[in-house]
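Peer 1: Below you'll find the structure I mean.
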Amino acid sequence: MQPVAVVTMVRDDAFFLNAWVRHYGGMFGRENCYVVNHGRGAEVTKIAEGCNIIGIPGDPHKRFDMKRWGLLNNIVTGLRRYYTHVIVGDVDELVVWDPGAPGNLKTFLEQRSKGVVITPLGMEIIHRVDIEDAPITDHIIGPRRHARPAPHYSKPCIISCPVKISRGGHFTQNDKLVAPDPLFLFHLKFCDAGVYSGVMNQRNEMTKSLAVGEKEASVGRHWFEGFRGEDRAIFEKFSDLRMEDGFNVGFLRKKMHRTFKARKDTGFYQFDRPEYAIQFKLPERFIGAI
């Protein structure tokens, strides 16, 4: 049995797919990376060369996210017959091992036995447009050095047991929380103002073809142009977040453990996901990690 497979689904999103393939392909080998190519885009095929590419139709559907996670659930279930661990998530989410801790993500998972669901701590890389002028040319952390807590992205995304994953990947039906201190999930949606605008333009165009409103569609409201807001203002507000001294994030994991409980009668489990109006400057050891 092979140790690790990684799965994502993508439509266009070349910037994030390049980062995803570089990160996971370089770590686990492209032969262990599985890319669902929604719409069979030629650019996705080119970027993901050497990965296992699964082409599917790109027809718009108002239940897009429900269909997507139904497919991903089944792919994860199938791959677990051949791999000990399967990492699954959106293309703009990367699991990272703290470079200051002993070992790395690959060796950690190779040494970890199956039968668990592992939840990295969610952090969102933010583009401080007031002080970060350098473009991203390859690695993201370096030109971008700031992150805010993102409990919504503390996702149970490393799977090695039979379990159902919720739509969006935010919850599973596993009743044990395993959240090792060196593990992070970096969400990249806000890592670059220009990239953000380009992605949102694509998503706004997609929702126009659905012929339903935001209440009927199983995608985020921000996919609809009327709820998008002003792009530049979103990034300018990041400077208002209180800057924390150092990089002490232990209290965030303690909150996860302290509030972990059943999600009513859904069969899923959750922890509280409060909003934190704070930010950190990532230590130098993270430069080049993604």
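Residue-wise test of (1) among the basic types (K, R); (2) outside any loop (DSSP other than H, G, I, E, B); (3) within 22 Å of I75 (Cβ to Cβ).
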{"position": "D133", "(1), (2), (3)": "no, no, no"}
{"position": "D138", "(1), (2), (3)": "no, no, no"}
{"position": "A147", "(1), (2), (3)": "no, yes, no"}
{"position": "K155", "(1), (2), (3)": "yes, no, yes"}
{"position": "P162", "(1), (2), (3)": "no, no, yes"}
{"position": "D181", "(1), (2), (3)": "no, no, no"}
{"position": "F186", "(1), (2), (3)": "no, yes, no"}
{"position": "K189", "(1), (2), (3)": "yes, no, no"}
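Peer 1: What do you reckon, is K255 touching a helix residue (DSSP H, G or I) at 6+ places or on another chain (Cβ under 9 Å) and either among the charged types (D, E, K, R) or at pLDDT below 95 (or both)?
Peer 2: The answer is yes for K255.
Peer 1: Are there any pairs with C-beta distances below 6 angstrom linking a residue in segment 248-265 that is free of Cβ contacts under 8 Å to residues at least 40 places away in the same chain to a residue that is charged (D, E, K, R) and surrounded by fewer than 12 Cβ atoms within 10 Å (Cβ to Cβ), with the two at least 6 apart or on different chains, and if so which?
Peer 2: Between residues of segment 248-265 that are free of Cβ contacts under 8 Å to residues at least 40 places away in the same chain and residues that are charged (D, E, K, R) and surrounded by fewer than 12 Cβ atoms within 10 Å (Cβ to Cβ), the close pairs are T259/D272.
Peer 1: Still on this model: Tell me, yes or no, whether segment 94-105 has at least one residue that is modelled with pLDDT of 95 or more, in contact with a strand residue (DSSP E or B) (Cβ under 8 Å, 6 or more places away or on another chain), over 15 Å from T8 (Cβ atoms) and in a helix (DSSP H, G or I).
Peer 2: yes
Peer 1: What are the residues in segment 88-122 that are basic (K, R) and surrounded by fewer than 18 Cβ atoms within 10 Å (Cβ to Cβ), if any? I'd like the intermediate steps shown before the answer.
Peer 2: To start, the set of residues in segment 88-122 that are basic (K, R) comprises 106, 112, 114.
Result: K106, K114.
Peer 1: Wholly within segment 1-79, which helices (runs of 4 or more DSSP H) include no fewer than the required count, namely at least 3 residues that are modelled with pLDDT of 95 or more, surrounded by fewer than 22 Cβ atoms within 10 Å (Cβ to Cβ) and not aliphatic (A, V, I, L, M)?
Peer 2: Values: elements: 14-20, 42-47, 64-79.
Hits in segment 1-79: 42-47, 64-79.
Peer 1: Can I ask one more? Suppose we filter K67, K46 for residues that are farther than 23 Å from H170 by Cα and among the basic types (K, R); which single one remains?
Peer 2: K46
Peer 1: Continuing with this model, one more query. Would you pick out the residues in segment 1-39 that are touching a residue at least 40 places away in the same chain (Cβ under 8 Å), of a type in the set (A, V, I, L, M) and closer than 22 Å to K67 by Cα?
Peer 2: A5, V6, V7, M9, V10, L17
For (1) over 24 Å from G115 (Cβ atoms); (2) aliphatic (A, V, I, L, M); (3) touching an Asp or Glu at 6+ places or on another chain (Cβ under 9 Å), each residue gets a yes or a no:
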site: D133; (1), (2), (3): yes, no, no
site: K155; (1), (2), (3): no, no, yes
site: F171; (1), (2), (3): no, no, no
site: L183; (1), (2), (3): no, yes, yes
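Peer 1: In the set H127, H85, which member is farther than 19 Å from V35 by Cβ and either surrounded by 17 or more Cβ atoms within 10 Å (Cβ to Cβ) or modelled with pLDDT of 95 or more (or both)?
Peer 2: Details: H85 fails: farther than 19 Å from V35 by Cβ.
Among H127, H85, only H127 is farther than 19 Å from V35 by Cβ and either surrounded by 17 or more Cβ atoms within 10 Å (Cβ to Cβ) or modelled with pLDDT of 95 or more (or both).
The values are calculated or read from the model by the stated rules, or taken from the named source; none is laboratory data. None of these values were measured; they are calculated from a predicted model. Using ideal geometry, Cβ is built from the backbone for each residue, glycine included, and neighbour counts are taken over all protein chains shown.
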